[in-house]
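S.K.: This is the structure I have questions about; it appears just below.
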Amino acid sequence: METSRGSASSFINVFVLKIQEIFSSLWIRIGSIIMQIDRQLILRLQELARLELSEEQQVRIQADLGDILNMIEQLQKLDTQDVEPLIYISETYNSLRPDEISNQLERTKAMENAPLTDGTYFKVPKVIQIK
C-alpha cells in the first residue's frame, strides 16, 4: 500500500487537534501540554457529562486524565517519519457470501407449533407494563 511519508505523524497531529477542540472550552492547551487537571475541571466534566461522582471517583478520574495527557505528550515526542500508518490490524479480509434467500419456512407451517397466533403473527404475553 502506498502512503506518504509522515502520515503517521500527521495522524497524531490531527488526533491532538481534535483533543484540543474537545478540551478548548475547559481551558486546556495540548501541544506543549500546558494544563492543570484540578478539582474545578473534574467538576466541570462531571456537570457536562451529567454524572454524579463520589469523591473517590473524582480523584481517580483526575489521575487518569493526567495519565492520558502524559501519554499524548510522549506520543508527540515520537519520530514517526518512517513509520507506515496502520490501517488494518490483520491482513485478513471478510469473505462475504452472496445474500440469497434459501430454506424458507411457510407461514402456515411456522404457525402450526405456536401456542398463540392470530393467523398471521405470533402472539406473546405483554412484558412491559406502562403506568
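The numbers here are math on the coordinates, done by the rules we state, and not lab data. Every value quoted in this text rests on a predicted model; they were computed, and no experiment measured them. Reconstructed Cβ throughout: ideal geometry from the backbone, glycine too, with neighbour counts over all protein chains shown.
S.K.: Enumerate the amide H contacts of residue 117 below 5 Å, restricted to partners 5 or more residues apart or on another chain; note that Pro and chain-start residues carry no placed amide H.
M.R.: 123
S.K.: What ranking do 71, 111 get, fewest neighbouring Cβ atoms within 10 angstrom at the top?
M.R.: Values: 71 10, 111 16.
So the residues, fewest neighbours to most, are 71, 111.
S.K.: Order by neighbour count: 117, 80, 108, fewest other Cβ atoms within 10 Å first, most last.
M.R.: Details: 117 15, 80 18, 108 8.
With the sparsest Cβ surroundings first, the list reads 108, 117, 80.
S.K.: Using DSSP to define loop residues, name the trypsin sites (Lys or Arg not before Pro) in segment 38-83 whose beta-carbon has at most 15 other beta-carbon atoms within 10 Å.
M.R.: 50
S.K.: May I ask you to sort 87, 128, 68 by Cβ crowding, counting other Cβ atoms within 10 Å and putting the fewest first?
M.R.: On the way: 87 7, 128 4, 68 12.
Exposure proxy ranking, most exposed first: 128, 87, 68.
S.K.: On alpha-carbon atoms, Rg over Rh for segment 31-128 using Kirkwood Rh? Don't jump to the answer; show the numbers that get you there.
M.R.: On the way: Rg = 28.0 Å, Rh = 20.9 Å.
Across segment 31-128, the Cα-based Rg/Rh ratio is 1.34.
S.K.: Please identify every one of the chymotrypsin sites (Phe, Trp or Tyr not before Pro) in segment 57-131 that sits in a loop by DSSP and has no more than 12 other beta carbons within 10 Å of its own beta carbon.
M.R.: Working: sites: 88, 93, 121, 122; in loops: 88, 93, 121.
Within segment 57-131, the qualifying chymotrypsin sites (Phe, Trp or Tyr not before Pro) (loop, at most 12 other Cβ atoms within 10 Å) are 88, 93, 121.
S.K.: Label points 7 Å out from Cα along the Cβ direction at residue 130 and residue 56: separation in nm?
M.R.: 4.1 nm
S.K.: Could I ask something else about it? Restrict the search to segment 92-131; then list the GluC sites (Glu not before Pro) that DSSP places in a loop and that have at most 10 other Cβ atoms within 10 Å of their Cβ. Intermediate results must be reported in sequence, preceding the final value.
M.R.: Numbers: sites: 100, 106, 112; in loops: 100, 106.
Those that pass, being in a loop and sparsely packed, are 100, 106.
S.K.: Let me ask another. For a quick size check, give me the Cα extents of segment 81-131 along its three principal axes, largest first, whole Å.
M.R.: Extents along the principal axes, in whole Å: 67, 41, 13.
S.K.: Still on this structure, I have one more. Determine the distance separating the Cα centre of segment 51-74 from the Cα centre of segment 78-116; give it in Å without decimals.
M.R.: Using only Cα atoms, the two centres lie 37 Å from each other.
S.K.: Residue 126: which aspartates and glutamates have alpha carbons under 16 Å from its alpha carbon, excluding same-chain residues fewer than 8 sequence positions away?
M.R.: The reachable aspartates and glutamates, counting only those whose Cα sits under 16 Å from residue 126, are 118.
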